[in-house]
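Participant: Mind having a look at this structure? Questions to follow.
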Ligand code: AMP
């Protein structure tokens with residue numbers, strides 16, 4: 001978990017390699033669905049493009065469908081999901097159904113000003129339609145309003161680990177590996 005631009009995707013890919021587990025980024029899945037113009041992609045597009053959260057039932061369908069695959073049996077890393085309380089409680093139900101438990105919820109922590117300038121840069125480099133400055137500000141606000149309350153949800157379960165998300169990419173990976181081990 002962590003606000004947009006904190007480096008969740010970058011770090012998730014490195015942790016995926018380290019443990020040889022499946023990395024599921026809901027942002028990536030939605031971008032692929034939009035590119036392929038599937039029914040999910042069409043439903044998600046306006047929300048994603050304006051920096052809003054895609055409705056919970058769509059996300060829960062995607063995750064449920066994906067976690068039932070055999071390739072998730074040996075472990076998985078969720079990147080960008082859950083982002084709301086109903087998603088978190090829905091995830092608990094799915095996990096029960098597949099006899100799995102979360103080991104840890106990692107929150108990458110960083111200052112908002114730093115993140116906005118990183119994202120403006122990424123928008124220029126990757127041409128992501130939701131990385132313009134106004135939409136970035138909106139996505140930050142949504143994180144603090146809707147997703148940050150989940151930190152307490154996982155803190156209360158004893159699963160939350162907070163990791164400083166500022167610094168060298170490999171240094172941050174090492175911090176994450178340290179809390180996981
Ligand atoms: P990300 O790549 O994780 O920053 O996600 C990009 C966009 O996809 C977000 O701004 C949302 O519009 C949508 N999205 C990704 N994951 C979720 C989620 N768990 N719940 C709702 N919307 C999501």
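Participant: Quick one: would you say residue 25 is within 10 Å of the ligand (Cβ to nearest atom) and either crowded, with 17+ Cβ neighbours inside 10 Å or under 24 Å from residue 163 (Cβ atoms) (or both)?
Facilitator: yes
Participant: Based on this model, can you work out whether residue 44 counts as touching a strand residue (DSSP E or B) at 6+ places or on another chain (Cβ under 6 Å), assigned to a helix (DSSP H, G or I) and buried (at least 18 other Cβ atoms within 10 Å of the Cβ)?
Facilitator: Answer is no for this residue.
Participant: Go through (1) within 11 Å of the ligand (Cβ to nearest atom); (2) within 28 Å of residue 134 (Cβ to Cβ); (3) assigned to a helix (DSSP H, G or I); (4) touching a strand residue (DSSP E or B) at 6+ places or on another chain (Cβ under 8 Å) and name the single condition residue 87 misses.
Facilitator: Failing condition for residue 87: (4).
Table: residues versus (1) touching a strand residue (DSSP E or B) at 6+ places or on another chain (Cβ under 9 Å); (2) more than 19 Å from residue 129 (Cβ to Cβ); (3) within 9 Å of the ligand (Cβ to nearest atom).
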{"position": "9", "(1), (2), (3)": "yes, no, yes"}
{"position": "14", "(1), (2), (3)": "no, yes, no"}
{"position": "30", "(1), (2), (3)": "no, no, yes"}
{"position": "37", "(1), (2), (3)": "no, no, no"}
{"position": "53", "(1), (2), (3)": "no, no, yes"}
{"position": "70", "(1), (2), (3)": "no, yes, no"}
{"position": "95", "(1), (2), (3)": "no, yes, no"}
{"position": "101", "(1), (2), (3)": "no, yes, no"}
{"position": "109", "(1), (2), (3)": "yes, yes, no"}
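Participant: Near the ligand (Cβ under 10 Å from one of its atoms), in contact (Cβ under 8 Å) with a residue 24 or more places away in the chain, in a strand (DSSP E or B) and closer than 22 Å to residue 99 by Cα: is that true of residue 78 in this structure?
Facilitator: Values: near the ligand (Cβ under 10 Å from one of its atoms): yes; in contact (Cβ under 8 Å) with a residue 24 or more places away in the chain: yes; in a strand (DSSP E or B): yes; closer than 22 Å to residue 99 by Cα: yes.
For residue 78, the condition - near the ligand (Cβ under 10 Å from one of its atoms), in contact (Cβ under 8 Å) with a residue 24 or more places away in the chain, in a strand (DSSP E or B) and closer than 22 Å to residue 99 by Cα - is met.
Participant: Got a sec? Which of 97, 111 is touching a helix residue (DSSP H, G or I) at 6+ places or on another chain (Cβ under 9 Å) and on the phi < 0 side of the Ramachandran plot? Before the answer, list the steps.
Facilitator: Working: 111 fails: touching a helix residue (DSSP H, G or I) at 6+ places or on another chain (Cβ under 9 Å).
From the options 97, 111, the qualifying one is 97.
Participant: Show the residue pairs that are 6+ apart or on different chains and have beta-carbon atoms under 9 Å apart, the first residue being within the stretch 26-39 and in a helix (DSSP H, G or I), the second being more than 13 Å from the ligand (Cβ to nearest atom).
Facilitator: What qualifies is 32/38; 33/39; 33/42; 34/42.
Participant: So, in the stretch 130-159, exactly how many residues are more than 17 Å from residue 120 (Cα to Cα), in contact with a helix residue (DSSP H, G or I) (Cβ under 7 Å, 6 or more places away or on another chain) and surrounded by fewer than 18 Cβ atoms within 10 Å (Cβ to Cβ)?
Facilitator: Number of matching residues: 2.
One line per residue, one yes/no per condition, for (1) under 14 Å from the mean Cα position of the chain (by Cα); (2) modelled with pLDDT under 95:
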position	(1), (2)
3	yes, yes
7	yes, yes
12	yes, no
33	no, no
55	no, no
59	yes, no
69	no, yes
73	no, yes
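The values are calculated or read from the model by the stated rules, or taken from the named source; none is laboratory data. Every value quoted in this text rests on a predicted model; they were computed, and no experiment measured them. Cβ atoms come from the backbone with ideal geometry, glycine included; neighbour counts cover every protein chain shown.
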